[in-house]
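Read the structure below first, then the notes.
The values are calculated or read from the model by the stated rules, or taken from the named source; none is laboratory data. None of the values given here were measured: they were computed from a predicted structure. Heads up, the Cβs are rebuilt from the backbone with ideal geometry, glycines too, and the neighbour counts pull from every protein chain shown. Surface areas here come from the heavy atoms of the whole protein model, side chains and all, with no ligands, DNA or RNA. Shrake-Rupley method; radii C 1.70, N 1.55, O 1.52, S 1.80 Å.
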Amino acid sequence: MIHRARPDEKAPDQKILDLACAQLRQFGPRRTTIVGIAEAAGMSHANVYRYFPSKEALFEAVTLLWLKPLEQQLHVIVQGQDPAYDKLERALTALQRAYREKRDSDPTLFRLLCDAVEKGGGVARRHRNRVQAEIQAIVEEGIGSGAFRIQDRRRAMALVFDLAHRFVQPVSIALDKDVSVAEMDFRASRAIAAIQRSLTFGDPDFDM
């Protein structure tokens with residue numbers, strides 16, 4: 001039977017996640033084990049498996065723990081009253097800054113996301129799909145309102161992510177760890193401005 005938390009204590013799954021985060025930061029992914037987390041939680045490893053069927057599933061849940069607020073932030077931006085032009089800048093800026101801040105403040109957990117991206121892990125695919133859905137909503141709003149001249153949604157999305165790739169792709173951000181924040185902000189702002197111009201005024205390589 002799954003233990004139910006009292007009102008004054010954390011739910012078992014949240015307790016497991018907190019301990020997994022702590023042990024990942026202390027020992028790294030290879031040395032972090034279900035058995036060790038179970039011992040720290042004061043439960044059997046079988047009980048941990050009731051909530052997370054595998055070590056991979058637990059690590060995905062840990063990764064989702066910090067990605068979910070970012071995804072919610074993007075959704076708030078999309079649902080706001082700003083014009084699509086401004087929403088796009090805010091969304092892309094929020095993405096690259098959130099990834100960079102996690103890379104610098106919590107490198108072990110950020111590395112989990114990068115590993116998932118490189119291996120095509122489920123948490124990375126789902127996160128990418130959610131991000132793309134929010135950006136697509138902005139692009140479609142811009143096209144629908146007439147703010148963006150490019151009419152081909154697929155090609156407009158390709159333009160956004162091709163030009164922004166270095167600044168919104170976790171593995172690329174990991175590789176840029178030695179570049180200063182000021183320099184990356186400057187480069188990202190130039191890339192975003194180029195995206196906005198291409199969408200707003202049209203691009204000769206795109207069919208209108």
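Based on what the data block shows, is I173 farther than 25 Å from K68 by Cβ, out of contact with any His (no Cβ under 9 Å at 6 or more places or on another chain) and crowded, with 18+ Cβ neighbours inside 10 Å? No; evaluated as a whole, the condition is false for this residue.
Restricted to helices (runs of 4 or more DSSP H) entirely inside the stretch 1-117, those with at least 2 residues that are closer than 30 Å to G144 by Cβ are 55-79, 84-105. Out of curiosity, is Q151 closer than 16 Å to Y85 by Cα, open to solvent by 80 Å² or more (accessible area, probe 1.4 Å) and out of contact with any strand residue (DSSP E or B) (no Cβ under 8 Å at 6 or more places or on another chain)? Here the answer is yes, as Q151 does meet what is asked. Does V123 meet the test of being surrounded by fewer than 18 Cβ atoms within 10 Å (Cβ to Cβ) and at negative phi? No; evaluated as a whole, the condition is false for this residue. Between S145, S198, the distinction of being open to solvent by 40 Å² or more (accessible area, probe 1.4 Å) and not acidic (D, E) belongs to S145 only. Total residues in the stretch 43-87 satisfying the condition of being closer than 26 Å to A193 by Cα, in contact (Cβ under 8 Å) with a residue 40 or more places away in the chain and out of contact with any Phe, Trp or Tyr (no Cβ under 9 Å at 6 or more places or on another chain): the figure is 8. Within the set A116, A137, A124, the sole residue that is under 14 Å from A91 (Cβ atoms) and in contact with a helix residue (DSSP H, G or I) (Cβ under 7 Å, 6 or more places away or on another chain) turns out to be A137.
Among the residues of the stretch 96-149, those identified as among the β-branched types (V, I, T) and more than 14 Å from the chain's Cα centre (by Cα) are T108, I138, V139, I143. Evaluation of V131 against the conditions (1) under 17 Å from V168 (Cβ atoms); (2) not in a helix (DSSP H, G or I) shows that the sole unmet condition is (2).
Scanning the stretch 29-61 for residues that are within 16 Å of Q14 (Cβ to Cβ), surrounded by fewer than 15 Cβ atoms within 10 Å (Cβ to Cβ) and within 23 Å of the chain's Cα centre (by Cα) yields one hit, A57.
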